[in-house]
Amino acid sequence: MASATHTARLFRDRVARRRAAPAVVRPGPVWALPGLVFFVVFAVVPMAGVIYLSFTSWNGLTSPQFTGAANWSRFFKDGTVWQSTWITAALLVGNMLIQAPISVLLGVWSAGFQRNRAVLSAIFFLPLLFSTAATAVMWRQLLDPNFGVPAKIGHLNVFGGQWSSIAALVLVTSWQYIPFHTLIYQSAARAIPRSLYEAAEIDGAGRVKQFMRITLPQLKNAIVTSTTFMVIGGLTAFDIVLLLTDGGPGTDTSILPFKMYQTAFQTYDFGYGSAIATFLLALATGISLILVKASGYDKMRSTMEGV
């Protein structure tokens, strides 16, 4: 009888505590409505408009005239578009090969507790404060073949050839955006439990083995996120090309966004420019989805699972 009485008392106390506890408001679909409206108005509607314009002929002044698949037929036969696609791919690969390893190493380093780390990190992150226009103008002056650094070391013309111009674009883009990707890796590296490294040290693993066996696997989600940003940024870069090389020499650095700009805003062929923009949209979306699916990132598996 005493046991039954004790059990009943515990049940009453539990009910009383639940009634006294504040009600928990669970988010419902209505909470997502503002974000959904914002996305539809500023993303879905403009994308639908661009896709529609890709099937029209429009000079920006008169009403668009529906022309069916004429722009797309022209697109697939246009050699300059495929040249721009190749240049875009070369610039994208170059940026990834330079930015990814440097960002990972700097991110892991800046997540540590080295002496003067905070001061050096603050100085290193300064390029993030500059606008792309300011960065491009500054580097254009520094690399000027007549008055810049190349003129002082042998009258080199960095912008005189295709590969040297692409290399200059990779250099400037990496200088500005490596700090951004470093921040991603820094935050991810700080979330790695210290106990993993302590266990590895007990087992006799050195710094290199710890980096390869612990740090890199734990940075998997950060690597996918950073790579996706690099892909999207590389496929949508425009202002850096416009201000640094202006697509030159000739059309040797005319990437797809720059080609779209020239078509739409210099020749006022907005219909064909919209076709190029739609192709860019499909390309960026497709590559991003492939990255997410191939990495398993869509399943949102925690890299700390089992820790």
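The values are calculated or read from the model by the stated rules, or taken from the named source; none is laboratory data. Computed from a prediction, not measured in an experiment: that's the story for all the values here. No Cβ is skipped: glycine too gets one built from the backbone with ideal geometry, and neighbour counts run over all protein chains shown.
Looking across the stretch 243-253 at every residue that is touching a residue at least 60 places away in the same chain (Cβ under 8 Å) and not acidic (Asp, Glu), the one that is farthest from Ile87 (Cα to Cα) is identified as Leu243. Here Pro127 qualifies as in contact with a helix residue (DSSP H, G or I) (Cβ under 8 Å, 6 or more places away or on another chain), modelled with pLDDT under 95 and not hydrophobic (A, V, I, L, M, F, W, C). Taking the stretch 231-273, which residues are among the aliphatic types (A, V, I, L, M), under 27 Å from Val292 (Cβ atoms) and surrounded by 18 or more Cβ atoms within 10 Å (Cβ to Cβ)? Val231, Leu235, Ala237, Ile240, Ile255, Leu256, Met260, listed by residue number. Of the helices (runs of 4 or more DSSP H) entirely within the stretch 210-265, those holding at least 3 residues that are within 16 Å of Pro101 (Cα to Cα) and touching a Ser or Thr at 6+ places or on another chain (Cβ under 8 Å) occupy 220-236. Going by the structure shown, is Ile184 in contact (Cβ under 8 Å) with a residue 40 or more places away in the chain and assigned to a helix (DSSP H, G or I)? Judged against the criteria, Ile184 is a match. Considering the stretch 153-165 alone, what residues qualify as being surrounded by fewer than 19 Cβ atoms within 10 Å (Cβ to Cβ) and assigned to a helix (DSSP H, G or I)? Of everything in the stretch 153-165, those that are surrounded by fewer than 19 Cβ atoms within 10 Å (Cβ to Cβ) and assigned to a helix (DSSP H, G or I) turn out to be Gly160, Gln162, Trp163, Ser164.
I want to confirm something. Restricting to the stretch 224-261 and keeping residues that are among the polar types (S, T, N, Q) and within 20 Å of the chain's Cα centre (by Cα), which single residue is nearest to Tyr272 (Cα to Cα)?
Among residues in the stretch 224-261 that are among the polar types (S, T, N, Q) and within 20 Å of the chain's Cα centre (by Cα), the one nearest to Tyr272 (Cα to Cα) is Thr236.
Report whether or not Ile276 is crowded, with 18+ Cβ neighbours inside 10 Å and within 15 Å of Leu169 (Cα to Cα).
Judged against the criteria, Ile276 is not a match.
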